[in-house]
1. Tell me which of these Ile163 doesn't satisfy, since it passes every other one: (1) modelled with pLDDT under 70; (2) over 25 Å from Ile94 (Cα atoms); (3) part of a helix (DSSP H, G or I).
2. Within segment 117-160, how many residues are loosely packed, with under 10 Cβ neighbours inside 10 Å, assigned to a helix (DSSP H, G or I) and modelled with pLDDT under 75?
3. Would you point out the residue of segment 64-76, among those that are farther than 19 Å from Trp16 by Cβ and free of Cβ contacts under 8 Å to residues at least 24 places away in the same chain, that is surrounded by the fewest Cβ atoms within 10 Å (Cβ to Cβ)?
4. Tell me, please, whether a residue that is more than 29 Å from Gly24 (Cβ to Cβ) and modelled with pLDDT under 75 can be found in segment 90-106.
5. Tell me which residues, restricted to segment 15-35, are loosely packed, with under 15 Cβ neighbours inside 10 Å and not in a loop (DSSP other than H, G, I, E, B).
6. Answer with yes or no whether Asp96 is over 30 Å from Ala128 (Cα atoms) and either outside the structural domain of Ala131 (by TED's automatic domain parsing) or basic (Lys, Arg) (or both).
7. State whether the residues of segment 46-58 include one that is surrounded by 12 or more Cβ atoms within 10 Å (Cβ to Cβ), in contact with a strand residue (DSSP E or B) (Cβ under 8 Å, 6 or more places away or on another chain) and in contact (Cβ under 8 Å) with a residue 40 or more places away in the chain.
8. Give the residue, chosen from Ala47, Ala64, that is at pLDDT below 80 and under 23 Å from Glu3 (Cα atoms).
Amino acid sequence: MRETAQIASDLDPGAWHRLSAGNGTKGARLHDWACLELADLDADAYAEGLCGTSTRGLMIRRVADGDLAFFTTWCPAGTGIETLVSLERHRWAIEDRFETARNELGLDHDETRSWHGWHRHVVMLAFAMLAAIRTRANATPPKKSPDEAPDLIRWSVQEIRHIVVRLS
């Protein structure tokens, strides 16, 4: 079997599509993308209740300096490359959230390696709580009438993290 880099170099220039993988800090992240369907499979053979034909494929991303990234796909036959690139954009967002969770909650130091599985879920729940608090903290507060109760105590992310670590 040929290596994936060889497959990418053998592609016809017309197989590449310049598409945006979403906006980054410097604007649209434009890359060249190509997608190859490798095998059509009956979806019901892999997941009961699914119908139709699904395709195993290879998606290739080429950035401006020529570096290549490869992704396997499993999707309904005929799924367009625009849809696949859009889904890839969401994968980046998910990976970013996991990295933030590891950094903010100590998972990057293997502090949870010996805990049971359910305890790991509690850490992720704490991350979800921090994200919700951050979202509310960054929102524009509604205007208050003079006779409303005073604000509650505002905690920083570090204070909340300290409490979560103490409780677990």
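The values are calculated or read from the model by the stated rules, or taken from the named source; none is laboratory data. Being a predicted model, the structure only gives us computed values, none of them experimental. Virtual Cβ from ideal backbone geometry, glycine too; neighbours counted across all protein chains shown.
1. (1)
2. 2
3. That would be Trp74.
4. No, there is no match, as no residue in segment 90-106 is more than 29 Å from Gly24 (Cβ to Cβ) and modelled with pLDDT under 75.
5. Matches in segment 15-35: His17, Arg18, Gly22, Asn23, Gly24, Gly27, Ala28, Leu30.
6. In short, no.
7. Within segment 46-58, one or more residues are surrounded by 12 or more Cβ atoms within 10 Å (Cβ to Cβ), in contact with a strand residue (DSSP E or B) (Cβ under 8 Å, 6 or more places away or on another chain) and in contact (Cβ under 8 Å) with a residue 40 or more places away in the chain.
8. Exactly one residue qualifies, and that residue is Ala64.
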